[in-house]
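The values are calculated or read from the model by the stated rules, or taken from the named source; none is laboratory data. This structure is a prediction, so every number in the text was calculated from the model and none was measured. Cβ atoms come from the backbone with ideal geometry, glycine included; neighbour counts cover every protein chain shown. In case anyone asks, the SASA skips ligands and DNA or RNA and just uses the protein heavy atoms, side chains included. Shrake-Rupley method; radii C 1.70, N 1.55, O 1.52, S 1.80 Å.
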Amino acid sequence: MVPLSHESQRSDAYFSLLDRVSNLVSSSLETEEVFVQLLDMLVSGLKVDACCVQLLNPEKQKLTLVAHRGFTTEMANEVGSLKLGQGLIGKVALTGEPLMSPDVAADPNFVLLTPIQAGFRSFMAVPMRCGGKILGVLGLYDRTPNRFTEYEGKLLSAISACIAVAVDRAFPLHRGETEKARLISSISEKQEFLSALSHELQTPLTALIASAGLLAEELEKEPSDSRVRLIQNVLHSASNLQNRLAELLDLSQAKTAHFRIRRKAVDFSALARKVAEEFSPLMKEKGQSLVMKVPATVIVTADEQRLEQILLNLLANAVKFTPRGGQITFRAKEDKADLIVEVQDTGPGIPREEQLKLFRPYYRIPADRHRFPGLGLGLAITKQLVELHSGKIWVESEPGKGSTFAFSLPLVSSKAK
Ligand code: ADP
């Protein structure tokens with residue numbers, strides 16, 4: 001028997017850890033018990049000295065320590081409640097980006113004292129994200145400096161994505177009890193069913209994507225290996241499926257108060273250019289041209305991620321329904337207190353009687369149902385998102401003459417072009 005290399009033994013151990021975490025998350029255990037078992041698995045599977053889970057309360061903008069392993073009492077007290085943005089953990093919750101510190105004792109951004117007093121040196125934290133929301137932070141500590149690798153960072157992100165699904169399922173509203181009770185009674189059965197279903201499907205899918213991602217990395221070390229292409233196909237299709245599920249979840253949650261938008265000043269023009277850029281390879285492939293008529297700088301007060309989703313949905317439809325060689329015009333203009341955004345295409349156009357129905361969930365023009373992929377949810381979600389921003393959405397179209405999907409967004413301040 002050929003002995004396994006240290007590298008592949010490590011990968012095997014990590015794959016099995018991910019597998020155990022995903023089974024744990026799919027179990028019917030209470031969330032507290034899931035945390036306890038998870039942290040035990042992390043300590044033994046990754047051989048780290050300490051780890052913790054902190055959950056974010058978005059209303060209070062605070063992170064609360066809900067479970068830990070290997071912490072001293074002083075540490076548990078110090079990190080018991082942290083402000084959003086405070087120190088490395090707070091920063092991870094604020095930005096949604098993982099952070100690693102090879103030596104906290106020498107890191108000016110590491111603001112906690114007790115972990116240093118307890119002899120911890122390496123630190124790594126990843127956000128717990130579910131459907132675009134940040135629910136908390138998963139953190140690891142070790143007494144050896146420079147202990148964590150980028151590979152372990154990816155593994156921890158994969159684990160954290162699995163856990164986030166369980167957290168979102170267990171604390172769906174992430175709110176106080178009275179509001180929770182009020183909202184639960186107001187959510188229709190259908191929405192609850194959709195939400196439960198998409199959560200159920202997300203758990204195994206997240207584990208599948210994480211495992212396929214790690215496998216792809218292993219295989220990419222041998223780029224000539226034909227399995228590289230196969231695993232990339234698996235990843236691509238699984239990510240597509242995950243996006244569809246995120247749509248279902250968005251729709252089931254959009255009508256409830258736990259679908260929150262976080263407004264801040266957003267450079268709309270830069271965002272529009274970024275989104276247009278994302279479509280450029282696909283448009284090139286279809287021989288389509290894009291005309292951008294967006295002012296050089298327009299600042300709006302919006303939730304940047306959700307605004308991006310609105311633009312992505314409208315542009316994706318324009319590209320999808322416009323034939324080869326067609327033209328898409330992406331326009332934005334200020335109109336009194338609003339910004340009006342238009343995505344115009346030279347596609348088939350939409351009969352008048354269909355136009356209003358398009359914004360209903362699951363509605364698709366009959367002729368398109370077998371010709372194009374889709375669930376008929378994109379426009380329904382886009383409408384919800386626009387309305388959450390106090391805007392309006394509409395379509396102007398005539399069969400044979402293309403369509404213009406437009407929305408308004410209250411403008412707070414703008415600069416000269
Ligand atoms: P999906 O595209 O996933 O089916 P949407 O809610 O985004 O879902 O769109 C619903 C339906 O509206 C589409 O199936 C299509 O019939 C029609 N539609 C959307 N955008 C366009 C467009 N730009 N041109 C023509 N028809 C469109």
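Scanning segment 97-145 for residues that are at pLDDT 95 or above, part of a loop (DSSP other than H, G, I, E, B) and either farther than 18 Å from Gly80 by Cβ or open to solvent by 30 Å² or more (accessible area, probe 1.4 Å) (or both) yields a total of 7. Among residues of segment 30-51 that are more than 12 Å from Gly139 (Cβ to Cβ), those with a Cβ under 8 angstrom from a residue that is in a helix (DSSP H, G or I) and open to solvent by 60 Å² or more (accessible area, probe 1.4 Å), sequence gap 6+ or separate chain, pair up as Met41/Arg20; Gly45/Arg20. May I ask you to verify whether Asp338 is open to solvent by less than 60 Å² (accessible area, probe 1.4 Å), within 8 Å of the ligand (Cβ to nearest atom) and touching a residue at least 40 places away in the same chain (Cβ under 8 Å)? So Asp338 does not fit the description; no.
Among residues that are within 15 Å of the ligand (Cβ to nearest atom) and buried (at least 16 other Cβ atoms within 10 Å of the Cβ), Ile328 is included.
Filtering segment 376-406 to residues that are part of a loop (DSSP other than H, G, I, E, B) and either open to solvent by less than 20 Å² (accessible area, probe 1.4 Å) or closer than 23 Å to Leu307 by Cα (or both) leaves Gly376, Leu377, His389, Ser390, Gly391, Lys392, Gly402.
Restricting attention to segment 366-375, the residues being part of a loop (DSSP other than H, G, I, E, B) and either open to solvent by less than 30 Å² (accessible area, probe 1.4 Å) or more than 8 Å from the ligand (Cβ to nearest atom) (or both) number 2. Here Leu314, Leu307, Leu358 are screened, and the one residue that is assigned to a helix (DSSP H, G or I) and either more than 16 Å from the ligand (Cβ to nearest atom) or open to solvent by 40 Å² or more (accessible area, probe 1.4 Å) (or both) is Leu307.
Among the candidates Lys286, Lys274, Lys293, single out the residue that is charged (D, E, K, R), open to solvent by 60 Å² or more (accessible area, probe 1.4 Å) and either over 28 Å from Gly132 (Cα atoms) or within 16 Å of the ligand (Cβ to nearest atom) (or both). So that I can check it myself, show each step before the final result.
On the way: Lys286 fails: open to solvent by 60 Å² or more (accessible area, probe 1.4 Å); Lys274 fails: either over 28 Å from Gly132 (Cα atoms) or within 16 Å of the ligand (Cβ to nearest atom) (or both).
Unique residue meeting the criteria: Lys293.
Look at (1) open to solvent by 60 Å² or more (accessible area, probe 1.4 Å); (2) more than 8 Å from the ligand (Cβ to nearest atom); (3) more than 30 Å from Ser198 (Cα to Cα); (4) not acidic (Asp, Glu) and you find that Pro348 fails only one, number (2).
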